[in-house]
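Student: Before I ask anything, let me first share the structure, which is written out below as structure tokens.
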Amino acid sequence: MECVFGLVGNGFALVVADTSAVHSILVHKSNEDKIMILDSHKLLGASGESGDRVQFTEYIQKNVALYQFRNGIPLTTAAAANFTRGELATALRKSPYFVNILLAGYDKETGPSLYYMDYIATLHKIEKGAFGYGSYFSLSMMDRHYHSGMSVEEAIDLVDKCIVEIRSRLVVAPPNFVIKIVDKDGAREYAWRESIKDAAALPPTTA
Amino acid sequence: MSIFEYNGSALIAMVGKNCFAIASDRRLGVQLQTIATDFQRIYKIHDKLYIGLSGLATDAQTLYQRLFFRHKLYQLREERDMKPETFANLVSAILYEKRFGPYFCQPVIAGLGDDDKPFICTMDSIGAKELAKDFVVAGTASESLYGACESMYKPDMVCSIFSCTYIYKHKVLDIFGPFTKPLHPSNPTEKRKKFMASYICKPTKCRLDLTNY
């Protein structure tokens, strides 16, 4: 029931992910961040097997950082996407990672871009994409309302429409979502959309 | 659903008079759901050699990368481009290397050989070559394409893109507008002619491809 989706707008790219960590029928936590900030101008939204997700995305993040240390310049989004695909493809016939990835980035020369990567290492550059059961709803909403060159406000409005659809139509819909954005000023968290907040800690009772 | 039908693909190559055409659909799907309508399946190896890869998209991408790498090495060593016949043998060998853990791809190879004679061939996922003088097809829509080709093919057509697009007009399955490269010896550049728009199926705006069911 993990929902990750993303889209490219005018000079920015957005990635949205649900934030529940689920184990069978139990929700461990509702504020799990599934969108990793790879480097200053890249976001990696991942969904799938939770162990694989954390291990693989951290591995990619550290290798992207290593490249920057070794070579003095950061990887482009396309290079990072192809590197990630290479790692997934190499592992595919040994011990595959069950992680689906949306990699969003901003390059000075080419602008914003979004890459779709299946768990079997299918790589494709897209304008809008989604994974999981939520994709049936978010892709349809995006097909209807998306146009290229959307402003941030229009894109967030569309994202909210998608979240409303997922919440109202998906049977085991995740309650909370996180939205992260990457543009020329860098990759950062944009907002949370919470419908279930953790209760504030109770004051300590005196004995 | 078989692993060959996971992403969905349709490929066709046809020989005309001193020319060939290779066409593919551009849909990338995950079983019933459509992810993209601009996925590339035909790759250029050199000016007179194209390979289309149907089947599982990830294996098609990996295989293309390996083949392109091997061809670049060949160019460095031999200081010339590979002939299509040679390239077909290379593809066949690379596929058979993985005989007991194969790439889930069916390649379609099309090129101009010696004296610009058109060459097409296809092979199965473990490298069994199938040379043809007229047309080859591959992918999930291969049965329909075989039928359409058999009924409409004529030898020595002046520009075989006409036949390719006409065939696509009658295709119902996962076609989103062919990417046809007509190759004539005097004009080895990729062309997507405007009039083809009238023959191409309009891209369907559906996310779930239920035409099979």
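Here, each number is a calculation from the coordinates, and none is a lab measurement. Remember, predicted model here, so these are calculated numbers, not experimental data. As a convention, Cβ positions derive from the backbone with ideal geometry for all residues, glycine included, and neighbour counts pool all protein chains shown.
Student: Could you list the trypsin sites (Lys or Arg not before Pro) in the range A:59-105 that lie in coil according to DSSP, counting only those with at most 14 other Cβ atoms within 10 Å of their Cβ? It would help to have the intermediate numbers written out before the result.
Tutor: Details: sites: A:LYS62, A:ARG70, A:ARG85, A:ARG93, A:LYS94; in loops: A:ARG93, A:LYS94.
Filter output for the range A:59-105: A:ARG93, A:LYS94.
Student: Assuming a viscosity of 1.567 mPa s and a temperature of 4 °C, what translational diffusion coefficient in µm² per second does Stokes-Einstein assign to chain A, Rh being the Kirkwood radius over Cα pairs?
Tutor: On the way: Rh = 17.4 Å.
For these conditions, the coefficient is 74 µm²/s.
Student: Please report the relative contact order for the range B:1-132, taking Cα pairs under 8 Å with a sequence separation of at least 6, and give it as a percent rounded to a whole number. Provide the component values of the computation, followed by the final result.
Tutor: Values: 256 pairs, mean separation 33.1, N = 132.
After rounding, I find 25 percent.
Student: Here is a further query. Mind telling me which of A:ILE73, A:ILE101, A:ILE25 comes out most flexible in a GNM of chain A, alpha-carbon contacts under 10 Å?
Tutor: The residue with the greatest mean-square fluctuation here is A:ILE25.
Student: Given the options A:PRO96, A:PRO112, A:PRO174, state which has the largest fluctuation in a GNM of chain A using a 10 Å cut-off (strictly under) for Cα springs.
Tutor: Largest GNM mean-square fluctuation: A:PRO96.
Student: Give the distance, in whole Å, between the Cα centre of the range A:6-56 and the Cα centre of the range A:57-108.
Tutor: Distance between centres, Cα-based: 15 Å.
Student: What's the center-to-center distance, using Cα atoms, between the range B:82-123 and the range A:115-177 in Å?
Tutor: Their Cα centres are 39 Å away from one another.
Student: Once you compute Rg and the Kirkwood Rh from C-alpha atoms, what is the Rg to Rh ratio for the range B:19-90? Kindly include the intermediate steps, with their values, before the conclusion.
Tutor: On the way: Rg = 14.0 Å, Rh = 13.6 Å.
Rg/Rh: 1.03.
Student: Just the Cα atoms of the protein assembly as shown: what Rg and Dmax do they give in Å?
Tutor: My reading of the Cα-based Rg and Dmax gives 23.7, 97 Å.
Student: Count neighbours as other Cβ atoms within 10 Å of each site's Cβ, and list the GluC sites (Glu not before Pro) in the range A:89-196 that are DSSP loop with at most 15 such neighbours.
Tutor: Hits after loop and neighbour filter: A:GLU109, A:GLU194.
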